[in-house]
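Engineer: To start, I am sharing the structure in question, which I have written as structure tokens.
The values are calculated or read from the model by the stated rules, or taken from the named source; none is laboratory data. Every value quoted in this text rests on a predicted model; they were computed, and no experiment measured them. Note that each Cβ is placed from the backbone with ideal geometry, even for glycine, and that neighbours are counted across all protein chains shown. Quick note on the areas: whole protein, heavy atoms, side chains included, nothing else; ligands and nucleic acids left out. Shrake-Rupley method; radii C 1.70, N 1.55, O 1.52, S 1.80 Å.
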Amino acid sequence: MALSAEEFLHAHINHTGDDCVIWPFAKKGGGRGRALYGAVKVGGIQKLAHRCMCILVNGEPPTSRHEAAHSCHNPACINPRHLRWATRLENEADKDARGTRPRGENHKNTHLSDEDVRAIRRDPRTQREIAKSYGISQSPVGMIKRRETWKHVQG
């Protein structure tokens with residue numbers, strides 16, 4: 001008989017291996033540049049599987065601002081050895097340090113490529129004219145030119 005999603009979580013609480021344990025059930029998220037996280041219904045409420053595992057092995061989060069963070073950066077992983085509580089700021093800093101945060105042309109909401117950003121920075125036209133030619137609003141053009149966004153793009 002196959003394990004249910006909740007049984008699978010409990011069966012892996014004491015997992016000691018270093019490899020990721022990939023969630024074999026439903027996943028949520030997705031779309032362009034978005035991660036797929038394991039999803040499990042607990043008491044009729046859908047929750048993130050890695051967060052449930054983090055609670056099982058590490059207890060409740062220290063504060064409401066803490067999220068379950070992966071040291072492996074694999075959103076489908078529920079290996080308890082890969083999970084810890086971290087604030088959003090700590091988790092995002094870790095993603096930056098490891099280069100796993102979707103940004104620039106890998107971000108789900110972007111309409112621009114790295115080369116578009118370089119061209120915008122060189123473009124002598126008004127911000128309004130540039131924005132119109134790229135199908136974006138004027139505000140991101142100014143932020144790109146001031147290097148407030150797309151800081152990782154050189155040139």
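Engineer: Within region 17-35, is there a residue that is in a loop (DSSP other than H, G, I, E, B), buried (at least 18 other Cβ atoms within 10 Å of the Cβ) and over 19 Å from the mean Cα position of the chain (by Cα)?
Structural biologist: No, every residue in region 17-35 fails to be in a loop (DSSP other than H, G, I, E, B), buried (at least 18 other Cβ atoms within 10 Å of the Cβ) and over 19 Å from the mean Cα position of the chain (by Cα).
Engineer: Residue by residue through region 53-79, note down the ones that are farther than 15 Å from I13 by Cα and polar (S, T, N, Q).
Structural biologist: T63, S64, S71, N74
Engineer: Examine region 89-112 for a residue that is within 30 Å of D18 (Cα to Cα), open to solvent by 70 Å² or more (accessible area, probe 1.4 Å) and at pLDDT 90 or above, and state whether such a residue exists.
Structural biologist: Taking every residue of region 89-112 in turn, at least one turns out to be within 30 Å of D18 (Cα to Cα), open to solvent by 70 Å² or more (accessible area, probe 1.4 Å) and at pLDDT 90 or above.
Engineer: Name the residues in region 70-88 that are crowded, with 19+ Cβ neighbours inside 10 Å and modelled with pLDDT of 95 or more, would you?
Structural biologist: C77, I78, N79, P80, H82, L83, W85, A86, listed by residue number.
Engineer: I need the full set of residues from region 62-98 which are touching a His at 6+ places or on another chain (Cβ under 8 Å) and of a type in the set (V, I, T), in order please.
Structural biologist: Within region 62-98, I78, T87 meet the criteria.
Engineer: Is it true that C54 is in contact with a strand residue (DSSP E or B) (Cβ under 8 Å, 6 or more places away or on another chain), in contact (Cβ under 8 Å) with a residue 60 or more places away in the chain and more than 27 Å from H152 (Cα to Cα)?
Structural biologist: When the stated conditions are applied, C54 does not pass them.
Engineer: Kindly list the number of the only condition in (1) assigned to a loop (DSSP other than H, G, I, E, B); (2) over 26 Å from A97 (Cα atoms) that fails for K41.
Structural biologist: For K41, the failing item is (1).
Table: residues versus (1) of a type outside the set (G, A, S); (2) under 18 Å from T16 (Cα atoms).
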{"site": "V40", "(1), (2)": "yes, no"}
{"site": "L48", "(1), (2)": "yes, no"}
{"site": "L56", "(1), (2)": "yes, yes"}
{"site": "H66", "(1), (2)": "yes, no"}
{"site": "A76", "(1), (2)": "no, yes"}
{"site": "R81", "(1), (2)": "yes, yes"}
{"site": "R84", "(1), (2)": "yes, yes"}
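Engineer: Given the criteria open to solvent by 40 Å² or more (accessible area, probe 1.4 Å), over 27 Å from T110 (Cα atoms), touching a Cys at 6+ places or on another chain (Cβ under 8 Å) and not basic (K, R), does V57 qualify?
Structural biologist: So V57 does not fit the description; no.
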